[in-house]
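Reviewing the structure listed below.
Read the figures in this text as sums done on the coordinates, not as results from a lab. Small disclaimer: the values here were computed from a predicted structure and weren't measured. Note that we place each Cβ from the backbone using ideal geometry, even for glycine, and neighbour counts take in every protein chain shown.
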Amino acid sequence: MKNNKTLLIFIATFSIPFVLAFAVLQFGWFNAGTTNKGELMPAEYSVKAAKRGDLWQIVYLVPEECDALCKQALTAMRQGILAMGKKQGKLLAAPYYSNQENRAMIEKVIAPLQHKQVVDMAELEPSYTNYLDKNYLYLADPFGKVVLRYPLTKNHPEMIKITKNILSDISKLLKYSRTG
């Protein structure tokens, strides 16, 4: 009797954790953690703004009419890159424009940046304009693959938070990247 009781305790000691782990996963009681703050892109898109292949890119598709949200997005792009300090040399601001009248304004906003390239939207793959939304800032790797996106908002405190999220993700990516 004592042997059976010892055997049952021994089996329970090793099997209960497995049963509990299975139940937690099966019933969705566990939230898988993510370390990125941005939203992963659902499909693979590439942008070719960088002249050099070692720069991470912050991409923004400027709308035809650059309103307050647009200007706030360009300012967030600039401020985010400047906030990177000595690592800002590894980042490229790449706003894409479709309205020639916006080009001078864009260049003025991002003028203080070390690496910048204002790109005509015509250079972007035509089908991408259907999938890349103008209400997001995008983060692309040095090879041009768009990996993360960040929603834009008119609320200034929320936009500051989004800029901090971009900085957090860029810092992590630069740390783990072999090219950046």
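The table below lists the values:
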item	result
Furthest towards positive pole of dipole, L82, V147, I110, structure part the range 39-176, Cβ charges	L82
Estimated dipole of the chain in Debye, rounded to 20 [Cβ of Lys and Arg +1, of Asp and Glu -1, Cα centre]	1020
Inverse mean reciprocal Cα-Cα distance (Kirkwood Rh) of the chain, Å	18.5
Segment T6-A104, length gained on full extension (0.36 nm per residue, minus Cα span)	27.2 nm
Filter on K37/K164; K48/K86; K134/K164; K134/K154; K48/K145; K134/K172 - keep pairs with C-alpha separation over 18 Å	K48/K86; K134/K164; K134/K172
Rounded to 10°, Cα long-axis angle of helix 68-82 versus longest principal axis of the chain	70
Ellipticity estimate at 222 nm from DSSP helix runs (n ≥ 4, -39,500 (n - 2.57)) divided over the chain, nearest 500	-13500 deg cm²/dmol
Per-residue HN-Hα couplings for the range 94-108 [Karplus 6.51, -1.76, 1.60; θ = phi - 60°; Hz; x = Gly/Pro]	10, x, 9, 10, 10, 9, 4, 5, 7, 4, 4, 5, 4, 4, 5
